[in-house]
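Below: one structure, written as C-alpha cells.
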Amino acid sequence: MTDLHTPYDMIGIGFGPSNLALAIALQECAAPLKSLFLEAKPEFAWHPGMLLDNSDMQVSFIKDLVTLRNPASPFSFLSYLHAKGRIERFVNRKTFFPSRHEFNDYFTWAADQMQDVCAYDQRVEAVAPVQGNSGTVELLDVVTTDASGRESRRRTKDLVLAIGGAPNIPEVFANLRRNSAVLHSSSYVTQGKPKLASAEHPLRIAVIGSGQSGAEIFWDLVNDPAQPNVDLIFRGQALKPSDDSPFVNEIFDSAFTSDMYNRPKAVREAFLTEYAHTNYAVVDGDLIEQIYGVFYEQEVIGTESHRLWRNTQVHSALAVDDGVELTLSQRGDVSRQRYDLVILATGYTRRLGDTILSDLAPWLTAEEAERSYQVPTRDGFQPRIFLQGYCEATHGLSDTLLSILPRRAEEITHSLISGLTPMPKALTAAE
Ligand SMILES: Cc1cc2nc3c(=O)[nH]c(=O)nc-3n(C[C@H](O)[C@H](O)[C@H](O)COP(=O)(O)OP(=O)(O)OC[C@H]3O[C@@H](n4cnc5c(N)ncnc54)[C@H](O)[C@@H]3O)c2cc1C
C-alpha cells in the first residue's frame, strides 16, 4: 500500500501510552490535523511480556493518560472504572495503585476508542527524507511492514516518535541473541512462562539483574507450579528499595521538567545519578521483604532450591546442550553454572541514533531535543520530529515513565497545531 498523494500532517510511530495520550489530547482539542499512529503489535498491549499476576502500578492512578491535563476527560482511569461498573469497589480497596493487569485493561479500553487513528500490525522499518526541487527536505516517507512482510509507505509533514526502549542485552550475551535458552525480561510472560509450563522436569533458571523486573520475575518463578530452581544474580551487595517518598517524588511533577531542562548539562548529569534510585536498579520495598523471606525460610528448612548470587559478575556465557553455561565471578571466586534458561532483567536502551530515524542522521544537528521535545535539525529540513521517552538526559527521570504523559501530550499538541489555530482550552471539572 502506498499513500503519498495527500500527506499526513503528523504520523506517530508506536502506540504505547505516550502516543495514546497524544492521540487523546489531539481529539479533545479537536486539532484540525490529518494524523495517524503506526503500531507494530497486532493490537494494543502494555508491556505484555511483563504482565505478571500480583504486580501493581508504581505510580498513582491519578497519573493516567489525561487527568493532569484535563480532569474532566472521559478517558480518565475513573471514567474507565465507571464504565466497567467497578468504581465503588475500587474505592473500597483504598489504594492509589491498581494492578498492572487493570492498568493495561484501562489503556486497552482507551485505545479501543481510538481505533480510527491507529494502524496496528505496522512495524516502521525506515523513515526516508523527501526532497523538493531545491533540495530542501519537505516531507518524510514512513515505511512499514506487516506480519506477512507486506510493505506500505505513507508520507507526512511531522513525526512523533514514541517507540519505548530497546531491550538491553549485555555484551557477554551478544552471541546468544538467537538462543532460545536466553530471554530478555520483556518476553518473560510470552516466551519464558510457556517454556516452564511445557518442561518435563523442574528447570534451572538464572535471573540476571537487581531491578524491579528481575525481582518480580524471581518472585513469580519461585511461586510457579513448575517449581524451577532459580538463581538471582547481580553485581551489587543488596537489593535496594526504590525511593518514592513525597519530597523525592516531586522530581516527577510536570513543573519539574523545565527546572531540569534549564540546568547546565553537568548539573543535570549529576542530578540523574543522584536520583537514579527512584527508578533504576531498585525494587519495591514489600517485594524485597518477600524475597528475603524466601531465603530465610530455605535456611529454616535446610534446602537450597534458590540461590542469591550477590557481588557477582557474569564473565562469559556459552551455549551448551539444551542450555547455557555461565562463568560467574563472585569476589574473585570463579565457577561455572549450567542453566536451562537465562533471563536478562537488564533494562532497556534509548539511543536515538540506533532507532529507525538513523537515515535522517545527516539532518539532525543534535540527539538531544529542545524543551518542546522537538529534535533540532539543519536548515533545509522542514519536517518537525518530536520525541516521547527519549529525553531523559535533558527533561528528567519522568521522561520514560507515565508521570508526565498528559502534560507532554498537551505541549506536543500545542506545537503541532501552532500556526493553525489557537490551542483550545481543556474543560475543567468546574466548567
Ligand atoms: C514492566 C514495566 C512496568 C512499568 N511500570 C511502570 C509504572 O508502574 N509506572 C510508570 O510510570 N512507568 C512504568 N514503566 C515505564 C514505561 O516505560 C511506561 O509505563 C510506558 O510504557 C511508556 O510508554 P511509551 O508509549 O513511551 O513506550 P512503550 O510502552 O514502550 O510503547 C512503545 C510502543 O511502540 C511500539 N513500537 C516500537 N518500535 C516500533 C516500530 N518500529 N514501529 C511501530 N511501533 C513500534 C511498541 O510495540 C510499543 O507498543 C514500566 C515499564 C516496564 C517495562
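Expressed to the nearest 5 percent, the antiparallel share of DSSP beta bridges inside the chain is 50 percent.
Given a 1.4 angstrom probe, I'd like the percentage of the accessible area of the stretch 97-256 that is carbon and sulfur, rounded to a whole number. The partial results should precede the final answer.
Values: 3510 of 7490 Å².
C and S atoms contribute 47 percent here.
Think of each Lys and Arg Cβ as +1 and each Asp and Glu Cβ as -1; about the Cα centre, that makes the dipole of the stretch 97-177 roughly 220 debye. Judged by the gyration tensor of its Cα atoms, with axes a ≥ b ≥ c, the stretch 81-181 is oblate; a/c meets the 1.5 cut and b/c is at least as large as a/b. Ranking 318, 145, 218 by Cα position along the charge dipole of the chain, where only Lys, Arg, Asp and Glu carry charges on their C-beta atoms, puts 145 farthest toward the positive end. Working note: Cα atoms of the chain, range along each principal axis, descending, whole Å: 72, 52, 46. Counting only heavy atoms of the protein chains and using a 1.4 Å probe, residue 295 has close to 40 Å² of accessible surface. Computed from backbone phi, the HN-Hα couplings of the stretch 360-366 come to 8, 3, x, 9, 8, 8, 7 Hz, rounded to whole numbers (Karplus: 6.51 cos²θ - 1.76 cosθ + 1.60, θ = phi - 60°; Gly and Pro given as x).
The Cα center of the stretch 105-135 and the Cα center of the stretch 245-275 differ in position by 31 Å.
Protection proxy ranking for 123-134, 184-195, using the average of other Cβ atoms within 10 Å per residue and placing the highest first: 184-195, 123-134. Note on residue 195: aspartates and glutamates with a C-alpha under 15 Å away, same-chain residues under 8 apart excluded, are 220, 224, 322, 340. Pick from 340, 158, 53: which is most flexible by mean-square fluctuation in a GNM of the chain where alpha carbon atoms under 10 Å apart are linked? Of the options given, 53 has the highest mean-square fluctuation. Using only side-chain charges placed at the Cβ, +1 for Lys and Arg and -1 for Asp and Glu, the dipole size of the chain relative to its Cα centre rounds to 420 debye.
Magnitude of the charge dipole for the stretch 1-80, about its Cα centre and with charges confined to Cβ atoms of Lys, Arg (+1) and Asp, Glu (-1), is about 180 debye.
The solvent-accessible area of residue 240, taken with every protein chain present and a 1.4 Å probe, is close to 120 Å².
Taking each DSSP H run with n ≥ 4 as -39500 (n - 2.57) and averaging over every residue of the chain yields -7500 deg cm²/dmol at 222 nm. Surface listing: 235, 351, 153 arranged by accessible area from highest to lowest gives 235, 351, 153, probe 1.4 Å.
Among 116, 231, the order of accessible area from largest down is 116, 231, computed with a 1.4 Å probe on protein heavy atoms.
Let me check something: with ligands and nucleic acids excluded, how do 398, 79 order by accessible area (1.4 Å probe), largest to smallest?
Values: 398 5, 79 35 Å².
These residues rank, largest area first, as 79, 398.
The values are calculated or read from the model by the stated rules, or taken from the named source; none is laboratory data. Since the structure is predicted, the reported quantities are computational estimates derived from the model, not experimental observations. A quick note on method: Cβ atoms are made from the backbone with ideal geometry, for glycine too, and the neighbour counts reach across all protein chains shown. Ligands, DNA and RNA are stripped out before the accessible areas are found, and what is left, the full protein with its side chains, is counted by its heavy atoms. Shrake-Rupley method; radii C 1.70, N 1.55, O 1.52, S 1.80 Å.
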